[in-house]
Amino acid sequence: MAPPGVAGYSPGGTEETPMTTAADASHLVPDAGTRAPDPRPVLSVVVPAYNEEDSLAPLHAEVSEVLDGIGEPWELIFVDDGSSDATVDRMFALADADPRVKVVKFVRNFGKSAAYMAGFAEVRGRIVVTLDADLQDDPNEIPRVLGRLRGEGWDMIVGWKQGRTGNEPHKALPSKVFNGLIAFMFGLRLHDSNCGFRVMRAEVAQSLDLYGDQYRFIPEFAHVKGYRVTEEGVNHRKRKFGRSKYGPKRFWTGLLDLITVRFITAFADRPLHFFGTFGLIPFVLGGLLETYVLLSKLFLGGTFQGHVGAIIIGVLLLIMGFQSVITGLIGEMLSAQQRARRFVVDTRREV
Ligand code: UDP
Ligand code: MG
């Protein structure tokens, strides 16, 4: 008799010791067949949350229903951004009940950019969906927007909140101005650049390096890198629980961030082009002025005393220009230290 558990021990097989085949050797693997399958998710939903305790369970229920309807394996990644209410307990309770839910917990509030970065680092799917935790973004929109991303070959589709004028009328005008400005500065025409609803290829999410309040410019960062970005109108709902984390201050800081992001995306790789341009102009003007003073003293009988104003202005211009060029050179040194990839390879077959 073959020792139990040794497959193929009796090569020929007899009446008493039938040949063990690969098919029925499954008993050799401990609890094979009873282990829950762990299919690699295709869709990864990333949800940053700061004090959203009451919204999480309904959000999980809605997301589950919609994504189960799509029929592809998915995961839901919650990032607790240092909440002080029961947010994180609710997240862990959901994760205990549903293995597709993952939780990243911050030790304190680091902001939405940090939350996205932490969430994107956990993503295993090929497609990333971002949703706000507050139920304002409607998960029912995912299948349609996802279909468009795949069908039309976009790298990112950003939501365009519909019905927002009714939900949050005070945000309508500033948002219009702000989005117009962004569109003008980046050449990417979006109505709602900061919409929390986005569907994108995982590669795009993982190419981002957000800090501060830069999550507002996710589509612009992707666009500047060369990814194909567009928008799609999506249903937007009123906040049911909790309250908005952002006050009117965001319009001012948003403007400053806009300058930073435009500057970084345009000149991070070539800082001297910016600082050098601003440096060389005053430098040349200052040089001309001082040369004129010198020539007039040497050949035209002028005096230094008679040109005090020109001398001072000339020297100031020279110093300004010199400083700016040096700043640009320091920028070049910083840029040279950077190890980040400066190009994006097109990984899609169908171009
Ligand atoms: N959020 C976050 N960290 C913060 C502030 C907000 O993760 O420091 C989350 C918040 O929980 C929500 C999303 O970002 O899921 C959008 O926030 P909110 O609804 O307050 O913004 P609004 O809709 O008013 O623009
Ligand atoms: Mg909201």
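Please pick out the residue among Ala172, Ala183 that is assigned to a helix (DSSP H, G or I) and either away from ligand 2 (no atom under 16 Å from the Cβ) or under 12 Å from the mean Cα position of the chain (by Cα) (or both).
Ala183
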Next item on the list: Please go through segment 233-247 and pick out each residue that is within 12 Å of ligand 1 (Cβ to nearest atom) and either among the polar types (S, T, N, Q) or without any contact (Cβ under 8 Å) to a residue 60 or more places away in the chain (or both).
Entry: Arg243, Ser244, Tyr246, Gly247
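This table checks each residue for (1) surrounded by fewer than 19 Cβ atoms within 10 Å (Cβ to Cβ); (2) at pLDDT 95 or above; (3) under 24 Å from the mean Cα position of the chain (by Cα).
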site: Asp24; (1), (2), (3): yes, no, no
site: Val29; (1), (2), (3): yes, no, no
site: Pro39; (1), (2), (3): yes, no, no
site: Val42; (1), (2), (3): yes, yes, yes
site: Val45; (1), (2), (3): no, yes, yes
site: Leu56; (1), (2), (3): no, yes, yes
site: Leu59; (1), (2), (3): no, yes, yes
Margin query: Criterion first (among the charged types (D, E, K, R), within 16 Å of ligand 1 (Cβ to nearest atom), surrounded by 19 or more Cβ atoms within 10 Å (Cβ to Cβ) and part of a helix (DSSP H, G or I)) does Arg216 satisfy it?
Written below: yes
Note to self: Condition check: more than 24 Å from Ala133 (Cβ to Cβ), surrounded by fewer than 19 Cβ atoms within 10 Å (Cβ to Cβ) and free of Cβ contacts under 8 Å to residues at least 60 places away in the same chain. Does Thr230 satisfy that?
What the structure shows: no
Checklist line | Residue that is nearest to Arg239 (Cα to Cα) [pool: residues in segment 197-213 that are within 16 Å of ligand 2 (Cβ to nearest atom) and crowded, with 22+ Cβ neighbours inside 10 Å] | finding: Phe197
Check: Pairs, please: C-beta under 6 Å, at least 6 apart or cross-chain, first residue closer than 30 Å to Met200 by Cα and hydroxyl-bearing (Ser, Thr, Tyr) and in segment 27-51, second within 16 Å of ligand 2 (Cβ to nearest atom) and at pLDDT 95 or above?
Finding: Tyr50/Asp81; Tyr50/Ser83
Next item on the list: Kindly list, by first and then second residue, each pair from a residue in segment 101-124 that is at pLDDT 95 or above to a residue that is of a type in the set (Lys, Arg) and surrounded by fewer than 17 Cβ atoms within 10 Å (Cβ to Cβ), limited to pairs with Cβ atoms under 8 Å and residues at least 6 apart or on different chains.
Entry: Arg124/Arg40
Notebook entry, point to check: Residue check, Tyr211 against (1) aromatic (Phe, Trp, Tyr); (2) within 12 Å of ligand 1 (Cβ to nearest atom); (3) part of a loop (DSSP other than H, G, I, E, B), all met but one. Which one?
Noted result: (2)
Checklist line | Breaking point among (1) surrounded by 19 or more Cβ atoms within 10 Å (Cβ to Cβ); (2) away from ligand 2 (no atom under 16 Å from the Cβ), for Ser84 | finding: (1)
Note to self: Given the options Arg164, Arg148, name the one that is touching a strand residue (DSSP E or B) at 6+ places or on another chain (Cβ under 9 Å), surrounded by fewer than 21 Cβ atoms within 10 Å (Cβ to Cβ) and within 19 Å of Phe241 (Cα to Cα).
What the structure shows: Arg164
Note to self: Residues to consider are Ile264, Ile330, Ile326, Ile312; find the one that is more than 16 Å from ligand 2 (Cβ to nearest atom) and closer than 30 Å to Lys171 by Cβ.
What the structure shows: Ile264
Next item on the list: Have a look at Val145, Val158 and point out the one that is assigned to a strand (DSSP E or B), closer than 19 Å to Leu43 by Cβ and modelled with pLDDT of 95 or more.
Entry: Val158
Checklist line | Output for segment 96-112, where each listed residue is crowded, with 21+ Cβ neighbours inside 10 Å and over 12 Å from Ile77 (Cβ atoms) | finding: Lys112
Notebook entry, point to check: Quick check, is Arg237 buried (at least 16 other Cβ atoms within 10 Å of the Cβ) and of a type in the set (D, E, K, R)?
Noted result: no
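The values are calculated or read from the model by the stated rules, or taken from the named source; none is laboratory data. Since we're looking at a predicted model, the values are computed, not measured. Quick reminder, even Gly has a Cβ in these numbers, built from the backbone with ideal geometry, and neighbours come from all protein chains shown.
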